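Accompanying notes for the structure given below.
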Amino acid sequence: MAKIALITGATAGIGEACAYLFARNGYDLILTGRRQDRLDALAQQLNNDFNVRIAVAAFDVRIKEQVIHHLESLPDDWKNVDVLINNAGLSQGLDPIQKGSYDDWDTMIDTNIKGLLYVSKVVSNWMVNNGFGHIVNLGSIAGKDVYANGNVYCATKAAVDALSKGMRIDLLQHGIKVTAIHPGAVETEFSEVRFKGDKDRAKKVYNGFTPLTAVDVAETIWFVVTRPAHVNINDLLLMPTAQATATLIDRKNN
């Protein structure tokens with residue numbers, strides 16, 4: 001029987017790249033995201049290309065009732081999840097704390113922390129019952145290295161860092177692996193979402209250097225989950241060669 005991976009935020013970026021990589025390697029997939037049309041198109045493409053089983057569930061991870069309903073409504077054979085990739089996450093705004101938007105704060109906290117918790121609670125219980133599993137949480141360099149105007153986003157990713165450590169401790173006795181992946185600059189929809197559709201401003205974030213791609217991060221996740229049974233990579237920081245810290249980037253290199 002094929003292994004199963006559940007990927008949140010699968011409609012674009014790192015989540016979509018993970019879907020292709022895991023499907024290419026024979027995994028059946030549970031793909032979640034907010035955009036039903038994108039999920040359906042991705043599922044059809046993966047099924048055509050790799051002949052793997054795909055289940056899709058369109059919901060917003062911020063809404064607890066939707067998370068529980070859609071995941072628990074899956075047939076029992078889909079609950080034998082080997083790998084959970086908690087990829088859904090975002091940043092909104094880039095303002096000093098005194099000028100921050102309450103709505104932006106709520107969106108980041110509800111998605112990056114509470115959404116991850118809602119999904120993890122459901123799926124970790126499946127894993128405990130099954131006696132196996134690996135949870136991969138997508139953090140960020142922002143969770144390790146706070147930068148100007150990053151305040152609440154950095155706080156949410158620091159929470160992912162702490163939660164990953166807590167999950168590792170709590171799930172240790174059940175033999176469940178937990179890994180946190182913390183990328184630096186990755187060129188995806190991330191900056192466009194942060195700047196609320198301002199593509200010109202988003203593009204400038206990656207000017208003058210070669211950022212990571214979604215595939216780079218997906219390949220790192222694949223490496224982590226394919227280690228031998230006795231090996232767990234707890235924490236992994238992944239950066240472009242041109243980036244040393246959250247804000248120190250050599251923009252002379254292209």
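Each value in this text was obtained by applying a stated rule to the coordinates, not by laboratory testing. Just so we're clear, the structure is a prediction, and the values are computed from it rather than from any experiment.
Only aspartates and glutamates eight or more places from Lys157 in sequence, or on another chain, were considered; those with a Cα closer than 16 Å are Asp104, Asp106, Asp110, Asp145, Asp235. In the chain, the calculated helix contribution to ellipticity at 222 nm averages -12000 deg cm²/dmol per residue, counting -39,500 (n - 2.57) for every DSSP H run with n ≥ 4. Can you classify the range 31-119 as rounded, prolate or oblate using the Cα gyration tensor, where a ≥ b ≥ c are the square roots of its eigenvalues, rounded means a/c under 1.5, and otherwise it's prolate if a/b beats b/c and oblate if not? Prolate shape, in that a/c is at least 1.5 and a/b is the bigger ratio.
Working from Cα pairs under 8 Å separated by at least six residues, relative contact order for the chain is 19 percent. Short-range pairs are left out: with C-alpha atoms under 8 Å and at least six residues apart, the relative contact order of the range 19-144 is 24 percent. Classified by the C-alpha gyration tensor, the range 202-241 has a prolate form. Its axis ratio a/c, with a ≥ b ≥ c, is 1.5 or above, and a/b is larger than b/c. Hey, in the GNM for the chain with a 10 angstrom Cα cutoff, which one of Phe223, Phe22, Phe50 fluctuates hardest? Ranking Phe223, Phe22, Phe50 by mean-square fluctuation puts Phe223 first. Across the alpha-carbon set of the range 13-70, the Rg to Rh ratio works out to 0.99, Rh being the Kirkwood radius. Calculate, in whole percent, how much of the Cα-Cα pair population of the chain lies beyond 33 Å. Every Cα pair in the chain considered, those over 33 Å come to 15 percent.
For the range 111-254, what are the per-bin percents of Cα-Cα distances with bins 10 Å wide, up to the bin holding the maximum? Values per bin, smallest distances first: 11, 37, 34, 15, 4, 0.
Let me know the shape class of the range 126-181, please: from the alpha-carbon gyration tensor, a ≥ b ≥ c as square roots of the eigenvalues, rounded when a/c is under 1.5, otherwise prolate if a/b is greater than b/c, or oblate. Taking the square roots of the gyration eigenvalues as a ≥ b ≥ c, the range 126-181 is prolate. Computed over the alpha-carbon atoms, the range 67-130 gives an Rg to Rh ratio of 1.14, Rh here being the Kirkwood radius from the mean inverse distance. Counted over the chain, the DSSP beta bridges are approximately 5% antiparallel.
Computed as a quarter of the hull surface, the mean projected area of the alpha carbon convex hull for the range 180-224 stands at 3.4 nm². Partners of Lys204 within straight-line reach, counting aspartates and glutamates whose Cα lies under 18 Å from its Cα and excluding those fewer than 8 residues away in the same chain: Asp95, Glu187, Glu189, Glu192, Asp250.
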